[in-house]
Amino acid sequence: MKAFWRSPVYILFAATAVVLIANGSRQSFGLFLEPITTDLDWGVSEFATAIAVQNLVMGIAAPFAGALADRWRPTTVIALSAALYTVGLALISVSVTPETMFLSAGLVVGIGASGVGLTLPLGIVGRVAPEKSRTLWLGIVTAGGSAGQFTFALTSRGLLDGFGWSGGMVAMAIIVIISVPLALSMKWASEGELSKPDRDTLGNALKRASHHRGYWLLVIGFFVCGFQVQFVGTHLPKFLTDSGAGAWLAATALSVIGLFNLFGTIAAGWMGSHWRKKNLLSLLYLSRGLLFLVFLYLPVNEITVIGFSAILGLLWLSTVPLTSGIVAQVFGPRYMSTLFAIVFLSHQLGAFAGVSLGGLFYDIYGTYDAAWWLAIALSAAAALIHWGIDDQPVQNPAASPAD
């Protein structure tokens with residue numbers, strides 16, 4: 001029997017821990033918006049633009065990181081990305097102009113996050129997971145991001161209260177560096193799967209995907225997820241404090257979203273193993289839009305905010321195991337890192353739009369109403385788009401009939 005640290009289950013454990021640290025810390029940036037803009041006497045859009053650029057750079061760099069991981073050793077790419085992400089966080093602590101914040105929070109963190117966020121950990125787990133349990137395993141990894149959001153929302157609030165925004169960023173960088181040895185530790189457990197001879201090439205996989213209508217619908221639809229998640233993650237704290245809520249409620253809201261998404265992503269992974277993933281995605285996006293609509297007409301208090309956050313948590317990153325599961329189902333897991341990274345690029349374009357438009361609308365109108373209504377309209381569009389996806393497996397001509 002293999003030792004635990006050399007087994008596929010260890011890959012699942014370590015990849016989940018990496019995602020917990022990376023995504024959890026990144027999703028807490030919204031809590032820093034108010035103290036940074038107040039201390040540096042900025043408008044909302046300056047910091048929001050840096051975070052929007054971060055999401056855009058993360059998306060653009062993700063396919064390149066995925067290609068390096070598919071051609072090289074993914075564990076090394078994840079470790080190097082984690083180290084760069086740590087450097088970016090440390091640089092944020094000394095960024096006191098919009099230009100330096102653009103470079104640190106936008107470019108450096110964005111490039112680092114492209115390899116340590118979701119795409120590469122999901123890619124390596126997708127390759128080692130049992131086929132019948134693959135979507136569930138992807139859901140567990142994604143749940144790591146939710147656990148991180150729950151953990152870091154409360155941790156970041158404590159760091160802000162204890163050390164201020166600059167010291168809090170340094171403390172966060174110290175926590176994030178732990179993901180480097182975690183990534184390197186996956187090397188021995190993944191050697192067997194990653195050393196198998198290839199019967200296909202990345203170029204052929206990209207060609208099949210580029211001619212597949214369902215793949216492009218998946219790309220377009222994932223834009224909506226990015227818009228909604230990053231708009232809420234970045235601007236919900238400001239929306240709540242403007243509505244009279246205390247800073248503690250804003251931190252609690254993000255924490256509750258992360259907590260309930262633990263259950264949502266795992267449930268989505270399990271349901272994706274039993275029902276058609278594309279139909280589940282349509283229902284998920286439709287549910288998000290209805291939730292936003294109801295929330296706009298409710299008074300802001302502890303009950304409504306926590307209730308909203310709990311329901312949204314169930315829908316938060318539940319799109320990820322279903323979306324990545326469709327990619328692996330249709331094209332196989334071998335080049336999942338690159339193929340899902342291209343889909344993820346669309347997600348990050350949506351994130352860029354959600355963060356930047358949220359800040360722009362706020363600076364123009366003094367409220368977030370226009371951004372909320374746009375998020376609702378996009379939910380309806382995404383529900384229609386995913387319903388029309390062709391999710392049947394594509395035959396790989398390079399594979400033998402026995403495959």
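Here are the numbers for this structure:
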| quantity | calculated |
| --- | --- |
| Percent carbon-and-sulfur accessible area, the range 267-398, ignoring ligands, DNA and RNA, probe 1.4 Å | 72 percent |
| Where labels lie 7 Å past Cα in the beta-carbon direction, separation of L40 and L384 in nm | 4.0 nm |
| Separation between Cα centres of the range 119-148 and the range 1-45, rounded to whole Å | 16 Å |
| The chain: most fluctuating residue of I257, I385, I51 per GNM, C-alpha cutoff 10 Å | I385 |
| For the chain: relative contact order, % (alpha-carbon pairs under 8 angstrom, 6 or more apart) | 28 percent |
| Dipole of the chain, positive end: most advanced residue of A143, A371, P35 [Cβ charges, Cα centre] | A143 |
| Pairwise FRET efficiency - T76 versus V294, Cβ, R0 = 45 Å, nearest 0.05 | 0.45 |
| Residue pairs, from the table K238/K278; K187/K277; K207/K277; K238/K277, whose Cα atoms sit over 26 Å apart | K238/K278; K187/K277; K238/K277 |
| Segments 135-143, 211-219, 239-247 sorted - mean Cβ within 10 Å per residue, highest first | 135-143, 211-219, 239-247 |
| 222 nm mean residue ellipticity, helices alone, for the chain (DSSP H n ≥ 4; -39,500 (n - 2.57); rounded to 500) | -26500 deg cm²/dmol |
| Among A253, Y215, L122 - extreme Cα towards positive end, dipole of the range 107-261, charges at beta-carbon | Y215 |
| Separation of alpha-carbon centers, the range 153-179 and the range 343-387, rounded to whole Å | 28 Å |
| Percent of alpha-carbon pairs separated by more than 21 Å within the range 276-356 | 43 percent |
| Accessible-area value, S133, 1.4 Å probe, nucleic acids and ligands omitted, Å² | 40 Å² |
| Computed label-point distance, nm, for sites T304 and Q392 using a 7 Å Cα→Cβ extension | 4.8 nm |
| Residue-level accessible surface for F263, protein heavy atoms, 1.4 Å, Å² | 130 Å² |
| Calculated FRET efficiency for the pair I177/W5, C-beta based, R₀ 22 Å, to 0.05 | 0.60 |
| Rounded accessible area per residue of the range 84-149, 1.4 Å, Å² | 28 Å² |
| Apportionment of accessible area to carbon and sulfur, the range 27-82, percent (1.4 Å) | 61 percent |
| Solvent-accessible heavy-atom area per residue, rounded to whole Å², over the range 231-367 at 1.4 Å | 34 Å² |
| Projected-area mean, the chain, by convex hull of Cα positions, square nanometres | 18.0 nm² |
| Fraction of alpha-carbon pairs over 26 Å apart in the range 40-198 - percent | 31 percent |
| The range 260-321-the range 69-107 distance, computed between alpha-carbon centres (Å) | 30 Å |
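The values are calculated or read from the model by the stated rules, or taken from the named source; none is laboratory data. Fair warning: this is a prediction, and the values are worked out from it, not measured in the lab. Because the Cβ atoms are built from the backbone with ideal geometry, glycine has one as well, and the counts that use them run over all protein chains shown. Only protein heavy atoms, including side chains, enter the accessible area calculation; ligands, DNA and RNA are left aside. Shrake-Rupley method; radii C 1.70, N 1.55, O 1.52, S 1.80 Å.
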